[in-house]
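J.: Quick one: the structure is below, and I'll ask about it shortly.
The values are calculated or read from the model by the stated rules, or taken from the named source; none is laboratory data. Remember, it's a predicted structure, so these values are computed and weren't measured experimentally. Neighbour counts are summed over all protein chains in view; Cβ atoms, including those assigned to glycine, are modelled from backbone coordinates with ideal geometry.
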Amino acid sequence: MSTQDVNDFLKSQGSKAFSFEAIGDAVEGEITAMDLRQQTDVQTGEPMIFKSGAPRMVMVVTLQTTLQDDESDDGARTVWCRGGNYVAAKGSGTSSLTAVKEALRRAGATDIELGGWLRMEWTGEAKQENRGFNPAKLYTAQYKAARQAISLDEMGG
């Protein structure tokens, strides 16, 4: 393990997850970090896997927002993007992961990038699948690619 790895770990504080509390809640900002993590079962805490044995992953995206709960709040918020195929029972939308994929496609982007801009909105609820659990939240998203620096040589200058 390098000194840089240790320092990166020390600097990483993690950011607050954005709480989508009501349909219509939205968060937006510049993408400052992205990570893939294995999903865990809500009841047992055990890592989740597909029937094939492959790990079920979740994409965690950190956005630099203008939100601030107090003086020590840096405005960073995470959104957890999970897949799934759902039928809307209320409102509209898709899984958060599908919403991001659709936003990338509409923006003409093939990859999500650091420095890009992402907006996620809770727009609906799926049909309830499991008794005792809330129905899945459905989302829409917008994405703008990171601005690319252009050198004076490229401009013909």
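J.: Is it the case, given these coordinates, that Gly84 is surrounded by fewer than 17 Cβ atoms within 10 Å (Cβ to Cβ), under 20 Å from Ala126 (Cα atoms) and at pLDDT below 95?
T.: yes
J.: Any residue in region 28-47 that is of a type in the set (Val, Ile, Thr), at pLDDT 90 or above and within 17 Å of Glu121 (Cα to Cα)?
T.: yes
For every residue, the table says whether it meets (1) under 20 Å from the mean Cα position of the chain (by Cα); (2) surrounded by 10 or more Cβ atoms within 10 Å (Cβ to Cβ); (3) at pLDDT 95 or above; (4) of a type outside the set (A, V, I, L, M, F, W, C).
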{"site": "Met1", "(1), (2), (3), (4)": "no, no, no, no"}
{"site": "Lys11", "(1), (2), (3), (4)": "no, no, no, yes"}
{"site": "Thr62", "(1), (2), (3), (4)": "yes, yes, yes, yes"}
{"site": "Thr98", "(1), (2), (3), (4)": "yes, yes, yes, yes"}
